[in-house]
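Working notes, structure below.
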Amino acid sequence: MPQTKPPILQLDDVRLTFRTRAGTVRALNGASLTVHEGEAVGLVGESGSGKSTLARAVLGLNPERSSRIEAGRILIAGRDVTRLSQAEWEAARGHPVAMVFQDPLSFLNPIMRIGRQIAESIERHAPDRRVEQRVGELIELVKLPSSLARAYPHELSGGMRQRALLAVALACEPRLLIADEPTTALDVTTQAEILALLRDLREKLGMAMLLITHDLGIVASACERLYVIYAGRVLEWGRAQDVFGAPAHPYTVGLFHAARADRDAQGRFATIGGEPPDLGETAQGCPFAPRCPKAMAECARAMPHASVLADGETHAVRCWLYPPTRESETAVERLGEA
Ligand code: SF4
């Protein structure tokens with residue numbers, strides 16, 4: 001079904017580099033992605049694939065001195081935020097996009113009570129609210145006991161800290177929540193509780209979510225659409241049911257085998273062989289070619305075009321195994337997102 005809601009977030013062909021002592025690192029190499037109002041979208045990839053860099057770029061959180069968006073654009077609710085200065089970001093962060101991170105301790109103030117941290121967020125982003133009452137509502141919303149408003153972050157468990165950070169983020173009244181590996185540091189039971197809470201919050205608040213993870217199982221339970229990113233480029237995207245039903249890109253297939261703990265002909269657990277590419281080098285062809293079991297001669301020559309697959313015009317892939325669709329690149333990316 002085509003999406004009828006407008007995009008809250010849109011990235012068009014974003015290229016982002018980091019300047020390091022060893023040279024230029026090309027962290028995003030033409031990444032495109034859309035999240036519509038109210039929908040839950042997963043962004044999946046291995047460590048170093050560019051998924052966290054992409055999330056941070058959306059909120060201007062990559063280091064200003066060493067990172068640079070070379071090309072492309074980022075739109076939040078239609079506003080072009082690609083070239084905002086840090087001063088402009090200070091005013092823009094939190095609403096309409098807020099973010100929670102893998103390690104809440106790094107983002108909660110260790111010497112400030114949880115209730116005060118939530119109150120500061122309300123005072124800054126929703127000053128019309130009655131602060132004390134709103135702190136109570138948010139603590140209840142994330143299912144923490146009200147007594148924890150007086151606690152310091154170090155007095156909470158990992159799951160409670162993640163709930164507290166969620167309350168700080170929700171105080172900004174976001175229309176899109178970016179959750180960067182929000183359950184990676186948690187045990188399996190707490191992971192399930194936080195995912196259930198995120199689902200619950202989305203339903204109650206009508207909020208969109210961009211869930212960043214290396215775990216396909218989490219995407220299956222929480223997202224309507226997903227993007228698979230590798231070497232700073234989206235290689236497959238579509239409705240979760242289509243991609244999970246028939247993964248098309250060899251990299252996505254490898255991720256599925258690894259996630260399901262499938263075994264190869266020798267009985268060994270399936271893994272994706274080799275290492276992610278060195279983003280300091282300029283890659284000409286498909287970035288997955290050195291690790292791809294289906295690589296052909298042409299794969300090393302040029303980056304594959306996007307192809308929309310036959311299963312409903314909502315599933316697309318960048319791989320030479322599939323005939324390129326006769327559309328402009330952007331049009332195909334928009335089609336695959338519909
Ligand atoms: Fe493999 Fe070639 Fe497809 Fe890249 S383009 S994933 S190397 S088959």
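The values are calculated or read from the model by the stated rules, or taken from the named source; none is laboratory data. Every value quoted in this text rests on a predicted model; they were computed, and no experiment measured them. Positions of Cβ are backbone-derived with ideal geometry, glycine not excepted, and every protein chain shown enters the neighbour counts. These area figures cover heavy atoms from the full protein model, side chains too; ligands, DNA and RNA do not enter into them. Shrake-Rupley method; radii C 1.70, N 1.55, O 1.52, S 1.80 Å.
Of all residues in the stretch 125-158, which are under 25 Å from the mean Cα position of the chain (by Cα) and either closer than 17 Å to L186 by Cα or open to solvent by 60 Å² or more (accessible area, probe 1.4 Å) (or both)? V142, K143, S157, G158 - these are the residues of the stretch 125-158 that are under 25 Å from the mean Cα position of the chain (by Cα) and either closer than 17 Å to L186 by Cα or open to solvent by 60 Å² or more (accessible area, probe 1.4 Å) (or both).
Kindly check whether there is at least one residue in the stretch 260-269 that is surrounded by 19 or more Cβ atoms within 10 Å (Cβ to Cβ) and within 17 Å of E46 (Cα to Cα). No, that holds for no residue.
The set of residues from the stretch 244-283 being assigned to a loop (DSSP other than H, G, I, E, B) and polar (S, T, N, Q) comprises Q266, T271, T282. Scanning the stretch 51-79 for residues that are over 29 Å from D215 (Cβ atoms) and either buried (at least 18 other Cβ atoms within 10 Å of the Cβ) or aromatic (F, W, Y) (or both) yields a total of 0.
Confirm whether Q241 is open to solvent by 50 Å² or more (accessible area, probe 1.4 Å), out of contact with any helix residue (DSSP H, G or I) (no Cβ under 6 Å at 6 or more places or on another chain), assigned to a helix (DSSP H, G or I) and of a type in the set (S, T, N, Q).
On the way: open to solvent by 50 Å² or more (accessible area, probe 1.4 Å): yes; out of contact with any helix residue (DSSP H, G or I) (no Cβ under 6 Å at 6 or more places or on another chain): yes; assigned to a helix (DSSP H, G or I): yes; of a type in the set (S, T, N, Q): yes.
Considered against the rule, which asks whether it is open to solvent by 50 Å² or more (accessible area, probe 1.4 Å), out of contact with any helix residue (DSSP H, G or I) (no Cβ under 6 Å at 6 or more places or on another chain), assigned to a helix (DSSP H, G or I) and of a type in the set (S, T, N, Q), Q241 comes out as yes.
In this structure, P293 does not satisfy being modelled with pLDDT of 85 or more and either more than 10 Å from the ligand (Cβ to nearest atom) or within 22 Å of the chain's Cα centre (by Cα) (or both). Residues of the stretch 24-48 that are under 18 Å from I69 (Cβ atoms) and small (G, A, S): A27, G30, A31, S32.
Scanning the stretch 83-123 for residues that are under 25 Å from the mean Cα position of the chain (by Cα), open to solvent by 70 Å² or more (accessible area, probe 1.4 Å) and basic (K, R) yields a count of 1.
Inside the stretch 250-283, can you point out the residues that are within 12 Å of the ligand (Cβ to nearest atom), in contact with a helix residue (DSSP H, G or I) (Cβ under 9 Å, 6 or more places away or on another chain) and not aromatic (F, W, Y)?
Let us first name the residues in the stretch 250-283 that are within 12 Å of the ligand (Cβ to nearest atom), namely 250-254, 272, 274, 277, 283.
Checking the rest, the ones that are also in contact with a helix residue (DSSP H, G or I) (Cβ under 9 Å, 6 or more places away or on another chain) come to 250-252, 254, 272, 274, 277, 283.
Residues satisfying the conditions are P250, T252, G254, I272, G274, P277, A283.
Selection of the stretch 304-323 for residues being open to solvent by 10 Å² or more (accessible area, probe 1.4 Å), at pLDDT 90 or above and out of contact with any helix residue (DSSP H, G or I) (no Cβ under 6 Å at 6 or more places or on another chain) yields C319, L321, Y322.
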